[in-house]
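The values are calculated or read from the model by the stated rules, or taken from the named source; none is laboratory data. No experiment lies behind these values; they were computed from the predicted model shown. Every residue, glycine among them, receives a Cβ derived from its backbone with ideal geometry; neighbour counts consider all protein chains shown.
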Amino acid sequence: MSLDITGERYSRLIAIRYVGIRNGHNFWLFRCDCGTEKQIDLSRVRRGDTRSCGCLGREMRHRKHPPRQRNNTSTEWIIDENGNLSRTIGEP
């Protein structure tokens, strides 16, 4: 471990503890503002490539493309006395 960054904040992430070296990269355990803990490569965090556990990207996608609202109607099919199929839209 080259330096101790315990307690330092990087965007939404707070460094908790050093985890070790994987594939030549220093990994730290970070706690995100949303409460998720995740092991992340320190160099990615310090460069600004990683700013959260992934919750920030989800929030941004939902702001740009909010989930669709379902309507409160249902479709029913009926057969009239002549045998014709037709649909009606009514309350669920």
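Sort through R51, R44, R58 and tell me the only one that's surrounded by 10 or more Cβ atoms within 10 Å (Cβ to Cβ), at pLDDT 85 or above, in a helix (DSSP H, G or I) and within 18 Å of the chain's Cα centre (by Cα).
Numbers: R51 fails: in a helix (DSSP H, G or I); R44 fails: within 18 Å of the chain's Cα centre (by Cα).
Answer to the selection: R58.
When you scan the range 1-16, how many residues do you find that are basic (K, R) and surrounded by 15 or more Cβ atoms within 10 Å (Cβ to Cβ)?
Step one: of the range 1-16, the residues basic (K, R) are 9, 12.
Still in the list and also surrounded by 15 or more Cβ atoms within 10 Å (Cβ to Cβ): 12.
Number satisfying all stated conditions: 1.
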Taking the range 27-52 and the residues there that are touching an Asp or Glu at 6+ places or on another chain (Cβ under 8 Å) and in contact (Cβ under 8 Å) with a residue 24 or more places away in the chain, the one that is nearest to L3 (Cα to Cα) would be T50
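For the range 1-19, which residues satisfy the criterion of being assigned to a strand (DSSP E or B) and in contact with a strand residue (DSSP E or B) (Cβ under 6 Å, 6 or more places away or on another chain)? Don't jump to the end; show me each part of the working.
First pass over the range 1-19, keeping only residues assigned to a strand (DSSP E or B): 9-10, 13-19.
Correct list: L13, I14, A15, I16, R17, Y18, V19.
If I go through the range 18-33 residue by residue, how many of them are more than 15 Å from T50 (Cα to Cα) and surrounded by 12 or more Cβ atoms within 10 Å (Cβ to Cβ)? Before you say what the answer is, go through the steps one by one.
Looking only at the range 18-33, we keep the residues that are more than 15 Å from T50 (Cα to Cα), and these are 18-24.
Next, from what is left, pick out any that are surrounded by 12 or more Cβ atoms within 10 Å (Cβ to Cβ): 18-19.
Residues meeting the conditions: 2.
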